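Throughout, read-outs are computed from the coordinates displayed, never taken from laboratory work. None of the values given here were measured: they were computed from a predicted structure. Because the Cβ atoms are built from the backbone with ideal geometry, glycine has one as well, and the counts that use them run over all protein chains shown.
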Amino acid sequence: MKGPLHLVHSIEERKRKGLFRSLKSNYPKTDFSSNDYLGFSKNGLIEQKIKNLEHFSSGSTGSRLISGNSLFVEELEKKIAKFHSAEAALIFNSGYDANVGLLSSIAGKRDLILYDELIHASIHDGIRMGYAKYYKIKHNDIEHLKRLIDRNKDFVDNIFVVVESVYSMDGDSAKLKELSEICDSKKIFLIVDEAHAVGVFGKNGKGLCNEFGIEEKCFARLYTYGKAMGCHGAAIVGSNALRDFLINFARSFVYSTALPLHSLLMIEAAYGLLNETKQNVRLKDNISYFNSLIKGDDKFIQSNSAIHCRLFPGNHNVDIIESQFKKNDMFVKGIKSPTVKEGAERVRICLHAFNTKEEIKKLVDLINE
């Protein structure tokens, strides 16, 4: 059975607009696209820290609430909480699972969620699955946030503000210091997704909340392990009460088979590497070098993170630019509308600790051409 006709029609419409997605595996050699900022996924350092991996079971056999829990994962969560200066941590199978579980459960019908308009799709999905009212904040617009708070504070029980410390499609950062001060003074709960900041910012890669000294002012923070950490999974850190609440009410935790032991061992090893390697220093040096080369090009979105975006308005233009990079064996990804706003189409460049100065210079020269 082929299924409903609208499946075929939707696919054909996407192809007509040049928006059809397909899976690829023949990536160009020089990586300026993956989120492997520190190179942990491919340099073998994580595997070197794990001994006798073949002796561990291949699966966890059930959810954490049934048969998938262990003393090891609970001790690992305590280590994660300590590393990120929190009371407690809870591991999820992915950043998507963590955001959906948190945002769909934490706010009730008499609560309000205010979220930055550029938040990740997983946060947006979680918010829509819950029962709270929600409004979007203009990107990094503190005054707009204040107006929304003042307009709604007398009509709701709780207000949650949700941001990313580093935005995945722009590479710029949230105004965390100002946000934390506003939320602290108005008794509002701040939630920060640190997916693209962990491993890159803060002492030993602890993230931007650490760099700005606001960890204790956040209600919840999310750290994912599939990017700079080079493995898989995610953790939400916060209070003991938050951890207990999520264990009971976050459906993506309650009803998911737990991560197997080898995934947990890789997370533990990745945290160990953050304390031991100089990859973070190499990455920051590459970011500084890249920014020196693009100085004066106002078509780049300003960023001090590993993510940099150069605007090339028009989906067709993005296709052309991406193909030019591919011809030069460079993996640079074009981002089209409607993933970003129409007219803000771009190429998204991810810098890594393993990129050479020669590769970065060649990349910028191609952009200038």
**Study point:** Dipole magnitude (debye, nearest 20) for the chain, charges at Cβ of Lys, Arg, Asp, Glu
**Key:** 600
Point to revise | the chain: calculated mean residue ellipticity at 222 nm from DSSP helix runs of at least 4, using -39500 (n - 2.57) | key: -11500 deg cm²/dmol
**Study point:** Length added when fully stretched, Asp365-Asn248, from 0.36 nm per residue minus Cα-Cα
**Key:** 36.8 nm
Exercise for review: Report Rg (one decimal) and Dmax (nearest whole number) for the stretch 142-266, counting Cα atoms only, units Å.
Suggested key: 15.8, 49
**Study point:** Relative contact order for the chain, counting Cα pairs under 8 Å that sit 6 or more residues apart, in percent
**Key:** 24
Review point. So which aspartates and glutamates can Lys82 reach, going by Cα to Cα under 15 Å and dropping same-chain residues fewer than 8 places off?
Key: Glu74, Glu215, Glu216, Glu268
Revision key, fill the gap. Among Tyr134, Ala220, Asn280, the residue whose Cα sits farthest towards the positive end of the charge dipole of the chain, when +1 is placed on the Cβ of each Lys and Arg and -1 on the Cβ of each Asp and Glu, is Tyr134
Check your understanding: Too long at a 27 Å Cα-Cα cut-off: which of Lys299/Lys357; Lys146/Lys341; Lys24/Lys203; Lys49/Lys79; Lys217/Lys295?
Key -> Lys24/Lys203; Lys217/Lys295
Check your understanding: Taking K and R as +1 and D and E as -1, what net charge do the other residues with C-beta under 9 Å from the C-beta of Ser122 add up to?
Key -> -3
Exercise for review: Check cross-link reach from Lys42 to the aspartates and glutamates: straight Cα distance under 16 Å, and skip same-chain residues fewer than eight apart.
Suggested key: Asp31
Point to revise | q = 0.12, 0.15 Å⁻¹: log10 I(q)/I(0) that the Debye formula gives for the chain, counting C-alpha atoms only | key: -0.99, -1.42
